[in-house]
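> One structure is given below, represented as structure tokens, and several questions about it will come after.
Please treat every number below as a calculation from the coordinates, not as lab data. Because the structure is predicted, anything quoted here is derived from the model rather than measured. Every residue, glycine as well, gets a Cβ built from its backbone with ideal geometry; the counts of neighbours run over all protein chains shown.
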Amino acid sequence: MPVQIMGVLNVTPDSFSDGGRFLDLESALRQARQLIAEGAAILDVGGESTRPGAEPVSTAEELRRVIPVLEALRSETTVRLSIDTMKPEVADAALRAGATLINDVTGLRDPEMIDTAARHHAGVVIMHMRGTPQTMRAMTEYADVVTEVKEFLARQAAAARAAGIAEIIVDPGIGFSKTAAQSFTLLRRLGEFQDLGYPILIGPSRKSFLSSIAGMEKPADRLEGTLAATAIGVLNGASIIRAHDVAACWRAAMTAAAVRSS
């Protein structure tokens, strides 16, 4: 699978990096057009922050944020649309509004999410996260983080396949219920996830695990770390990079892909 960039479009007031910037429809559409111009092959639209400690929002509020954006984008672009949600009701409405991919940070732990994807013949991104965004920081004990994450992804992918879902993408969940050291380990050993037989997505973009390195304490200072993680991920088998800085990550990913295929 050729390497693709998934552009992040957060229509939320409280996302860790760009919360509040794209709340109204016009600003969201301007940002989407910019991400497409920079090389995004997929737009991942999210209406509920999943940063550590983020407060949950109601289904009605999440729908109010994402559905007008998805409907407007579907009418003006052929770029693939993804819905970043933990709620089956939101996923169902988003798929009817034009999305074709569900990016679920809870990894399809809700059987209704599996049923929703299967009913719409949608693709799924199965991400590993323990607990919820409110509790995940306290859930970082692993005997071996790679082995345990792989076991979860394999189990959830098997459930998705059994339900008839044809397109499955796996995401080890860098920064979600992982320490910085564990996130770096996942990047270093990412190649081991190729054994699962599914495309691998990673989302290192501006993540807090990079703040463990001097000079990258703030999200705005993490571009270089994001690009390094992107290149390492592609070299180790990632085929989709979820990114805020699409143009820069596209260049880093294409360079790494050229090395990988040389």
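> What list of ³J(HN,Hα) couplings, whole Hz, do you get for region 48-65 from phi and the Karplus terms 6.51, -1.76, 1.60, once you set θ to phi - 60° and write x for glycine and proline?
Ordered by residue, 3J(HN,Hα) equals 9, 5, 10, 5, x, x, 4, 7, x, 10, 6, 4, 4, 5, 5, 4, 4, 6 Hz.
> Can I ask one more? If the reach is capped at under 24 angstrom between alpha carbons, list the lysines near Lys218, excluding any in the same chain fewer than eight residues apart.
Lys178, Lys207
> Between Arg65, Arg189, Arg242, which gets the highest mean-square fluctuation from a Gaussian network model of the chain, Cα cutoff 10 Å?
Highest fluctuation of the listed residues: Arg189.
> Treating only the Cβ of Lys, Arg, Asp and Glu as charged (+1, +1, -1, -1), what charge dipole size does the chain show about its Cα centre? Round to the nearest 20 debye.
Numbers: 27 positive and 31 negative charges, 103 e Å.
Computed charge dipole of the chain: roughly 500 debye.
> Using modelled backbone amide H atoms (1.01 Å from N, in-plane), which distant-in-sequence or interchain residues come within less than 5 Å of Thr12's amide H?
Placed amide hydrogens put Gly20, Phe22 under 5 Å from Thr12.
> Another question, then. For region 125-216, run through the GluC sites (Glu not before Pro) and keep only the ones in DSSP coil with at most 12 other Cβ atoms within 10 Å of their Cβ. All intermediate terms of the calculation are to be shown ahead of the outcome.
On the way: sites: Glu141, Glu148, Glu151, Glu167, Glu192; in loops: Glu141, Glu167.
Passing sites in region 125-216 are Glu141.
> Continuing with this model, one more query. What translational diffusion coefficient, to the nearest whole µm²/s, does region 154-262 have by Stokes-Einstein, given a Kirkwood radius computed over alpha-carbon pairs, a temperature of 4 °C and 1.567 mPa s viscosity?
On the way: Rh = 14.5 Å.
The diffusion coefficient I find is 90 µm²/s.
> Over 10 Å intervals from 0, what percent of Cα-Cα pairs in the chain sits in each interval?
P(r) over the chain, rounded to whole percents: 7, 32, 40, 19, 1.
> Among Ile168, Ile241, Ile126, which one shows the biggest mean-square fluctuation in a GNM of the chain, springs joining Cα atoms closer than 10 Å?
Maximum among the listed residues: Ile168.
> List the residues, sorted by chain then number, that are 5 or more residues from Gln4 or on another chain and whose placed amide H is less than 5 Å from its amide H.
For Gln4, the qualifying residues are Ile240, Ile241.
> On to the next question. Give me the percent relative contact order of region 202-262, please, defined on Cα pairs under 8 angstrom at least 6 residues apart. Let's see the in-between values first.
Details: 69 pairs, mean separation 21.8, N = 61.
Value for region 202-262: 36 percent.
> In sequence order, what are the phi-derived ³J(HN,Hα) couplings for region 32-37 according to the Karplus relation 6.51 cos²θ - 1.76 cosθ + 1.60 with θ = phi - 60°, rounded to whole Hz, with x for glycine and proline?
Listing the rounded values in order: 4, 4, 5, 4, 5, 4 Hz.
> Step through the residues of region 86-97 one at a time and calculate ³J(HN,Hα) from phi using the Karplus curve (6.51 cos²θ - 1.76 cosθ + 1.60, θ = phi - 60°), rounding each to whole Hz and writing x for Gly and Pro.
9, 9, x, 5, 5, 4, 4, 5, 5, 5, 5, 8
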